[in-house]
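The values are calculated or read from the model by the stated rules, or taken from the named source; none is laboratory data. In this text, all values refer to a predicted model and were calculated from it rather than measured experimentally. Cβ coordinates were reconstructed from backbone atoms using ideal geometry, including for glycine residues, and neighbour counts include every protein chain displayed. These accessible areas exclude ligands, DNA and RNA; they are computed on the full protein's heavy atoms, side chains included. Shrake-Rupley method; radii C 1.70, N 1.55, O 1.52, S 1.80 Å.
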Amino acid sequence: PIVFITAHDALVSNAQVQTGDTVLVTAASSGIGTAAIQLAKYFGAKRVFASTRDAGKAAALIDVGADVVIDTSKPDFTSIVEKETDKEGVDIIIDSVGGPMFAENLEMLAVKGRLVSVGRNAGEKGEIDLDEVANKRAQILGVTFRTRTPQEAWRCFEVFVEDCMAGFADGSLKPVVDKTFSFDALHDAHAYMMGNNQVGKIVLVRASGGGS
């Protein structure tokens, strides 16, 4: 559940997604990424862009709900957003990549856009063009549970339940599990995760054996 709670906190509580917004989710094949794609659609986003460094994941990301998949391993990938948004950029970016992609994220952001830093999987530091921030009147938001009180964290859970449980009941929202492993296959699960082949979560289960 934590990936949905984290994505909801970033997208809804902080970025304040509105019906008709355009949303870009980076590292879209991650647990938080697949949750954020679904939540963006659930809360009325007009179009959802999903970024990945593996073009082979495009079909799976579209199945999750993405409208456009961006392969960030290719040069000038920001031009896709420019073309698809008529040079306006996206209203919201939910970013789990971090510093190395910060400049490109800012380039793809619309005027008055909101860039939410959820994770920094590729690095904690990146260059920032303050003129670009000012010209776009951008909001840069950082989110984490590490500096929240237990009461603040619990409120995130409560708001998520209030907003989203109906979506799980009717099937609009669903967890994306890529593969399961038994607890005694922990090393295999870790090796699979490090191969970066998954879309969604890798889950350890009590039952013996594993499967897709």
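Summing Lys and Arg as +1 and Asp and Glu as -1 over all other residues whose Cβ lies under 14 Å from the Cβ of PHE43 gives a net charge of -1.
FRET efficiency for the pair ASN121 and ALA169, taken as 1/(1 + (r/R0)^6) with r the Cβ-Cβ distance and R0 = 25 Å, rounds to 0.20. Ranking GLU107, GLU132 by solvent-accessible area of protein heavy atoms (1.4 Å probe, all protein chains present), from largest to smallest, gives GLU107, GLU132. Here each label is just a point 7 Å from Cα along the line to Cβ, and for ARG155 and SER79 those points are 4.6 nm apart. Average accessible surface for the chain: 54 Å² per residue, computed with a 1.4 Å probe over protein heavy atoms with every protein chain in place. Mind running the shape call on the stretch 1-121? Use the C-alpha gyration tensor, a ≥ b ≥ c as the square roots of the eigenvalues: rounded below 1.5 for a/c, prolate if a/b tops b/c, oblate otherwise. Since a/c stays below 1.5, the shape of the stretch 1-121 is classed as rounded.
Given axes a ≥ b ≥ c from the Cα gyration tensor, I'd like to know whether the stretch 57-154 is rounded (a/c under 1.5), prolate (a/b larger than b/c) or oblate. Here the stretch 57-154 falls in the oblate category. Residues whose amide H falls under 5 Å from that of VAL205, counting only those 5 or more places apart or on a different chain, are PHE181, SER182, PHE183, with hydrogens built in the peptide plane.
Heavy-atom surface analysis with a 1.4 Å probe gives the stretch 115-212 a carbon and sulfur content of 53 percent of its accessible area. Annotation: lysines with alpha-carbon distance below 20 angstrom to LYS112 (same-chain offsets under eight excluded): LYS46, LYS83, LYS87, LYS136.
Restricting attention to the chain, close to 5% of DSSP beta bridges with both partner residues there are antiparallel. Stretching GLU132 away from THR19 to a fully extended chain increases their span by 38.1 nm, per 0.36 nm per residue minus the current alpha-carbon distance. Near LEU109, once Lys and Arg are set to +1 and Asp and Glu to -1 for all other residues with Cβ below 13 Å from its Cβ, the sum equals -4.
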